[in-house]
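Engineer: My questions all concern the structure below.
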Amino acid sequence: MQTEQRLIDTVAWVRIESGRILCARPRGKDAFYIPGGKREGAETDLQTLVREIHEELTVALAPQSVAHVGTYEAEIPGAVVRMACYTADYVGTLTVSSEIEEMAWFTYADRPHVPPVDQLLFDDLVVDGLLLH
């Protein structure tokens, strides 16, 4: 009998500028991630996205501009990570908060530095011509 894997349900902001995608490295972690995070309680994807991006990067997303670009799933030891990805315009200046050690703009060459679920997004973005090699 197979045991049910734990689901880690996340929402992520896909921000691409000049063929590079915005990534952030949380304090105390080695890996970079697409900005976003886990939903709290009964939050919708939009509520989670707006809250997480404000908490991490101190900008306000424009809710009317949010568009779903895809949902990805990847297995990690003991769990499956699901990441619903959205683009959105923002107001403010991208600045790391106390939760984030640093942010960086990645190309496809930086793919090894992000988790497996993020790598699936990178693969689609490069195929679509949105992410530089």
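Engineer: Per Stokes-Einstein, at 25 °C and 0.890 mPa s, what whole-number D in µm² s⁻¹ belongs to segment 83-126, with the Kirkwood radius over Cα pairs as the hydrodynamic radius?
Structural biologist: Estimated via Stokes-Einstein, D reaches 196 µm²/s.
Engineer: Can I ask one more? Keeping the other protein chains in place, figure out the carbon and sulfur percent of the accessible area of segment 1-108, with a 1.4 Å probe.
Structural biologist: The C+S portion of the solvent-accessible surface of segment 1-108 is 50 percent.
Engineer: Once the whole set of protein chains is in place, how much accessible area is left on F106, using a 1.4 Å probe, in Å² to the nearest 10?
Structural biologist: Spelled out: F106, probe radius 1.4 Å, area about 20 Å².
Engineer: With a probe of 1.4 Å, find how much accessible area the chain has per residue, and write the answer as a whole number in Å².
Structural biologist: Accessible area per residue: 55 Å².
Engineer: Where does the charge balance sit around E52 when Lys and Arg score +1, Asp and Glu -1, over other residues with C-beta under 12 Å from its C-beta?
Structural biologist: Once all neighbours under 12 Å are counted, the net charge is -3.
Engineer: On to the next question. Take the Cα atoms of the chain, find their three principal axes, and give me the spread along each one in whole Å, biggest first.
Structural biologist: Principal-axis extents of the chain (Cα, largest first): 51, 36, 30 Å.
Engineer: Right, next: In vacuum, with every alpha carbon of segment 22-77 counted as one equal point scatterer, what does the Debye formula give for log10 I(q)/I(0) at q = 0.12, 0.19, 0.29, 0.31 Å⁻¹? Two decimals, please.
Structural biologist: With no solvent term, the Cα-only Debye profile gives -0.33, -0.82, -1.35, -1.36.
Engineer: In segment 1-93, what % of DSSP beta bridges are antiparallel (nearest 5)?
Structural biologist: Of the beta bridges lying entirely in segment 1-93, close to 70 percent run antiparallel.
The values are calculated or read from the model by the stated rules, or taken from the named source; none is laboratory data. All of these numbers come straight from a predicted model, not from anything done at the bench. Neighbour counts run over all protein chains shown; Cβ positions are idealised from the backbone, glycine included. The protein model used for the area step is the full one, side chains on, heavy atoms only, and it has no ligands, DNA or RNA in it. Shrake-Rupley method; radii C 1.70, N 1.55, O 1.52, S 1.80 Å.
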